[in-house]
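Here is the structure we will look at.
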Amino acid sequence: MGDPGSRGEVVYGVHAVTQLLTARWSEVERVFVVLGRPARLGPLLRLARERGVPVSHVAADVLGAKVGRRAVHQGVAARVASRVYAVAEELCQAAAADPHALLVLVDRVTDPRNLGAILRASAGAGARGVLLAVEETAGLTAVAVKASAGAVEWIPVAREPKPARRIESLRRSGFAAIALDPGAGEAWTEPALTGRVVVVAGGERSGPSRGVAAACDRRVSIPMAPGVDSLNVAVALGVLLFEAVRQRRAEARGAGTPGADPGQGP
């Protein structure tokens, strides 16, 4: 195939995908490689890893369905993201300069509609940006962008290939790392959510991966009524983010303390 494509387009062929990863890597949502890949794809895959671009290994018929049965795809294709990704390091450096920065890190959330709702809640709460773990996490597909209801235009989104290390780096920069974990015994109202905070939202059912959860300062949950398992991840994140908003407004007024009764209005 010729030049790299436009938003949402699937680009295929070794030259075209390599060109895309070289010149416009921040616009690549995912690379698809046929199972039993040819050895010649090694340099391309190393480039994808260096750029932090997710790679999926798929059957030949699945790859063919993505690009067209008659396309000469050479065993590789890439989907152009519906929005350009921010650079994680630049996003985190800018946030670290703000004593009240609020960041969101998303780990193992696979449903693009949930991701879109997360982006909307994050933008609504005034978060500085959203970091997406590369592995097992949805990206900026057309579905996610649509589900964000326009919020993706207002908040930078970056991919993070090593989320646990990123959390540790943010903590060294003065961030408190708070993970939403359905199995945690601490209530979401307990931690102080003022100052620099990164909120970690994990998989739809199981929460963040073990390594990501272990890198956080605290893990909190939202208690549910009997018979109800847990909230949708985007809803739970919204609850925690707007608890942070409530605490910050109370602190700015000099009225109330972090962890106070959530029934009190902002």
### Sites matching chymotrypsin sites (Phe, Trp or Tyr not before Pro) across the stretch 144-248 that sit in DSSP coil, with at most 15 neighbouring C-beta atoms within 10 Å
Trp154
### Theoretical gain in end-to-end length, Val245 to Arg205 [0.36 nm per residue, Cα-Cα removed]
11.9 nm
### Task
Could you line up Leu21, Leu45, Leu131, Leu91 from fewest to most neighbouring Cβ atoms inside 10 Å?
Leu45, Leu91, Leu21, Leu131
### Task
Count the net charge of all other residues whose Cβ sits under 12 Å from the Cβ of Ile178, scoring Lys and Arg as +1 and Asp and Glu as -1.
-1
### Message
At 7 Å along Cα-to-Cβ for each site, give me the label-to-label distance between Ala184 and Ala59 in nm.
### Response
4.0
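In deg cm²/dmol and to the nearest 500, what is the mean residue ellipticity at 222 nm of the chain if only DSSP H runs of at least 4 residues count, each as -39500 (n - 2.57), divided by the residue total?
Using -39500 (n - 2.57) per qualifying helix, the result is -10500 deg cm²/dmol.
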### Message
Test of understanding: what is the full-extension gain from Arg46 to Ala225, defined as 0.36 nm times their sequence separation minus their Cα-Cα distance?
### Response
59.6 nm
### Query
How much length is gained if the chain between His15 and Ala39 is pulled fully straight, taking 0.36 nm per residue apart and subtracting their Cα-Cα distance, in nm to one decimal?
7.2 nm
### Query
Exactly which trypsin sites (Lys or Arg not before Pro) in the stretch 34-126 are in a DSSP loop and have at most 14 other Cβ atoms within 10 Å?
Arg69, Arg70
### Query
Which order results if Leu180, Leu105, Leu41 are arranged by neighbouring Cβ count within 10 Å, fewest first?
Leu41, Leu180, Leu105
### Task
Return the single residue from Thr22, Thr189, Thr141 with maximal mean-square fluctuation; model: Gaussian network over the chain, springs between Cα atoms under 10 Å.
Thr22
### Message
Using DSSP H assignments, which helices in the chain have an axial alpha-carbon span of 20 Å or above and a mean Kyte-Doolittle hydropathy of 0.5 or higher?
### Response
233-253
### Message
Based only on other Cβ atoms within 10 Å, what is the fewest-to-most ordering of Ile178, Ile155, Ile118, Ile167?
### Response
Ile155, Ile178, Ile167, Ile118
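How large is the dipole of the chain about the Cα centre if only Lys and Arg carry +1 and Asp and Glu carry -1, each at its Cβ, rounded to the nearest 20 debye?
It works out to roughly 640 debye.
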### Query
Could you give me the ³J(HN,Hα) list for the stretch 211-227, computed from phi with Karplus coefficients 6.51, -1.76, 1.60 and θ = phi - 60°, whole Hz, x at Gly and Pro?
x, 5, 4, 5, 6, 7, 5, 8, 10, 10, 9, 10, x, 10, 5, x, x
### Query
Among bridges DSSP assigns within the chain, what percent are antiparallel (round to 5)?
25
#### Entry: Surface/4 estimate of mean projected area, convex hull on alpha-carbon atoms of the chain, nm²
15.1
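Coordinate-derived values only; no laboratory data. Computed from a prediction, not measured in an experiment: that's the story for all the values here. Neighbour counts run over all protein chains shown; Cβ positions are idealised from the backbone, glycine included.
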